[in-house]
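Inspection log for the structure reproduced underneath, given as structure tokens.
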Amino acid sequence: MNRTMSMVAGIVLLGLGGFVLLRGANLTTRRDVLEVGDVKLTASESRSIPPWAGGVALVAGLALVAVGVQKRA
């Protein structure tokens, strides 16, 4: 991975991790429960993304940015 891609990926992870830590985030999934002819029943399930996942994204983002800066020097 070259330094530009490393830095961009790191910045994106920093942003996403910060968003999850500060605002929280939910993930909604939909699945078909029953299908009879043209009639479909779907169920939506909402899950919250745990704050530790935001922390992991922040640490990974910092590491990628540090690698990108180190390669540049």
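The values are calculated or read from the model by the stated rules, or taken from the named source; none is laboratory data. All figures in this text were calculated on a predicted structure; none of them were measured in a lab. Neighbour counts run over all protein chains shown; Cβ positions are idealised from the backbone, glycine included.
Condition check: at pLDDT 85 or above, touching a helix residue (DSSP H, G or I) at 6+ places or on another chain (Cβ under 6 Å) and not acidic (Asp, Glu). Does Ser6 satisfy that?
Details: at pLDDT 85 or above: yes; touching a helix residue (DSSP H, G or I) at 6+ places or on another chain (Cβ under 6 Å): yes; not acidic (Asp, Glu): yes.
For Ser6, the condition - at pLDDT 85 or above, touching a helix residue (DSSP H, G or I) at 6+ places or on another chain (Cβ under 6 Å) and not acidic (Asp, Glu) - is met.
Of everything in region 28-73, what is over 17 Å from Leu13 (Cα atoms) and under 16 Å from the mean Cα position of the chain (by Cα)? Give them in sequence order. Steps first, answer last, please.
To start, the set of residues in region 28-73 that are over 17 Å from Leu13 (Cα atoms) comprises 28-48, 70-73.
Hits for region 28-73 are Thr28, Thr29, Ser46, Arg47, Ser48.
Out of everything in region 1-58 that is surrounded by 10 or more Cβ atoms within 10 Å (Cβ to Cβ) and of a type in the set (Lys, Arg), what residue ends up being nearest to Val69 (Cα to Cα)?
Arg3
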